[in-house]
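The values are calculated or read from the model by the stated rules, or taken from the named source; none is laboratory data. Note that the coordinates shown come from a computational prediction; the quantities given were computed from them, not determined experimentally. We place every Cβ from the backbone using ideal geometry, glycine too, and count neighbours over all the protein chains shown.
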Amino acid sequence: MGEQPSRQSRKLDHLHHALELPDGPISAGFSDIHLIHNCLPSIDWQEITLETKLLDWTLPQPLLLNAITGGAEDVLSVNGLLATFAAKTKMPMAVGSQYAALEDSHFIESYRIVRKKNPDGIIFANLGAHANVKQAELAVKMLEAQALQIHLNPAQELLMPEGDRDFSRYLNNIAEIAAALAVPVIVKEVGFGMAREQVRELLSTGIRAIDIGGAGGTNFAAIESSRQYPQPHEDFLRWGIPTVISAVETLQTVSDKLPVIVSGGVRTPLDAVKALSLGAASVALATPFLQQILQESIQETYQTFQRFLHDMKTIMLLTGASKPQGLTQKPLIISGFCAEWLKQRGFSLHGYANRTTLAID
């Protein structure tokens with residue numbers, strides 16, 4: 001296979017390609033969700049709030065800043081900018097995988113910068129499912145983190161010559177870490193989605209939340225292909241479960257057992273509201289904000305963020321919902337490829353289309 005790249009060079013490649021490559025090529029599926037207009041919303045704009053709860057935290061808005069990368073010297077400044085933005089917006093923030101810092105203490109500062117720039121914020125530590133309890137404890141301690149995000153990325157690993165090939169203990173590792181840690185454990189896919197069969201397995205591990213990481217956003221198959229080959233593997237570029245499909249499979253499987261975070265191609269306020277309407281506890285994104293921070297400034301990105309929130313409130317009002325929880329009682333239609341997939345998998349869509357307002361709103 002030739003000489004393998006260092007972890008640092010790989011992480012820098014990940015960041016570069018994540019910012020340069022387009023989303024997809026498969027669709028996240030948000031265009032297959034149709035919210036129903038309410039011409040008599042009976043709501044005062046001043047009543048609308050985006051405040052929500054996720055696990056033990058009350059958040060001013062149901063948005064999270066998800067992981068991009070970590071473990072390289074040049075990423076230190078990027079993580080510092082993201083942490084500054086997270087502090088300004090009061091969004092919880094996840095770092096990229098901390099495994100590099102566990103292997104080489106030289107990289108610890110590229111993660112600790114996040115806590116330094118965001119001393120009072122909610123920060124998620126991050127490791128892969130190959131990690132053990134000791135490593136998980138060290139990752140949390142490194143950041144004084146309020147939660148640990150364990151990422152699942154077998155598709156990405158298999159496309160890396162230096163990637164993992166043994167996934168046999170992943171489920172056991174997750175259960176052991178969830179039992180041992182004092183902070184909540186959140187399991188996240190990195191962009192290929194989750195199906196109900198694996199969600200059922202995860203429910204037995206003691207984790208506290210799931211981030212579906214659906215296909216249709218940042219594509220780590222495309223990133224790895226771009227790193228390795230002049231022509232990407234087309235079959236792998238289209239691998240995965242679109243975000244909307246993964247969201248429905250996961251939400252209907254977990255019911256109310258634990259909160260579900262929807263990520264993967266969430267790019268607009270309408271995408272975010274649609275995800276919340278399906279039942280997401282919150283929505284996670286990173287690439288759009290990071291691109292603007294690097295191209296423009298934190299202040300300009302903050303203005304974009306404020307407009308994002310304003311537009312979310314506008315869409316909520318037009319459905320008749322005054323709070324995020326109320327969106328789950330407003331009717332919506334799922335059509336197209338998403339509907340076809342979900343019907344064949346035995347999921348009920350009729351309930352979404354005929355929901356009515358209950359006391360929650």
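For residue 85, the test of being within 19 Å of the chain's Cα centre (by Cα), within 30 Å of residue 340 (Cα to Cα), surrounded by 17 or more Cβ atoms within 10 Å (Cβ to Cβ) and among the hydrophobic types (A, V, I, L, M, F, W, C) is failed.
Considering only residues that are out of contact with any His (no Cβ under 9 Å at 6 or more places or on another chain) and either without any contact (Cβ under 8 Å) to a residue 24 or more places away in the chain or surrounded by 17 or more Cβ atoms within 10 Å (Cβ to Cβ) (or both), look in segment 326-336 and name the one that is farthest from residue 282 (Cα to Cα). Quick ask: steps written out before the conclusion?
Taking segment 326-336 first, the residues out of contact with any His (no Cβ under 9 Å at 6 or more places or on another chain) are 326-331, 336.
Filter once more, keeping what is either without any contact (Cβ under 8 Å) to a residue 24 or more places away in the chain or surrounded by 17 or more Cβ atoms within 10 Å (Cβ to Cβ) (or both): 326-331.
Values: 326: 13, 327: 12, 328: 12, 329: 16, 330: 17, 331: 19 Å.
This residue is 331.
Of the set (1) at pLDDT 65 or above; (2) closer than 27 Å to residue 249 by Cα; (3) touching a strand residue (DSSP E or B) at 6+ places or on another chain (Cβ under 9 Å), all apply to residue 86 but (2).
Using the structure shown, decide if residue 291 is under 22 Å from residue 28 (Cα atoms), surrounded by fewer than 16 Cβ atoms within 10 Å (Cβ to Cβ), out of contact with any Asp or Glu (no Cβ under 8 Å at 6 or more places or on another chain) and at pLDDT below 95.
The answer is yes for residue 291.
Could you tell me whether segment 202-220 includes any residue that is over 24 Å from residue 25 (Cα atoms), modelled with pLDDT under 95 and in a loop (DSSP other than H, G, I, E, B)? There is no residue in segment 202-220 that is over 24 Å from residue 25 (Cα atoms), modelled with pLDDT under 95 and in a loop (DSSP other than H, G, I, E, B). Quick one: would you say residue 167 is over 21 Å from the mean Cα position of the chain (by Cα) and under 25 Å from residue 236 (Cα atoms)? It is true that residue 167 is over 21 Å from the mean Cα position of the chain (by Cα) and under 25 Å from residue 236 (Cα atoms). From the list 186, 212, 177, which one is under 18 Å from residue 57 (Cβ atoms) and of a type outside the set (Gly, Ala, Ser)? Going through 186, 212, 177 in turn, just one is under 18 Å from residue 57 (Cβ atoms) and of a type outside the set (Gly, Ala, Ser): 186.
This table checks each residue for (1) free of Cβ contacts under 8 Å to residues at least 60 places away in the same chain; (2) of a type in the set (D, E, K, R); (3) surrounded by fewer than 24 Cβ atoms within 10 Å (Cβ to Cβ); (4) touching a helix residue (DSSP H, G or I) at 6+ places or on another chain (Cβ under 9 Å).
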{"site": "97", "(1), (2), (3), (4)": "yes, no, no, yes"}
{"site": "103", "(1), (2), (3), (4)": "no, yes, yes, yes"}
{"site": "112", "(1), (2), (3), (4)": "yes, yes, yes, yes"}
{"site": "144", "(1), (2), (3), (4)": "yes, yes, yes, yes"}
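Conditions (1) modelled with pLDDT of 95 or more; (2) in a helix (DSSP H, G or I); (3) within 20 Å of residue 260 (Cβ to Cβ); (4) not aliphatic (A, V, I, L, M), marked per residue:
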position	(1), (2), (3), (4)
81	no, yes, no, no
100	no, yes, no, no
124	yes, no, yes, yes
136	yes, yes, no, no
139	yes, yes, no, no
162	no, no, no, yes
193	yes, no, yes, yes
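Report yes if residue 255 is among the hydroxyl-bearing types (Ser, Thr, Tyr) and within 18 Å of residue 34 (Cβ to Cβ), otherwise no. Taking the combined requirement at face value, the residue does not satisfy it.
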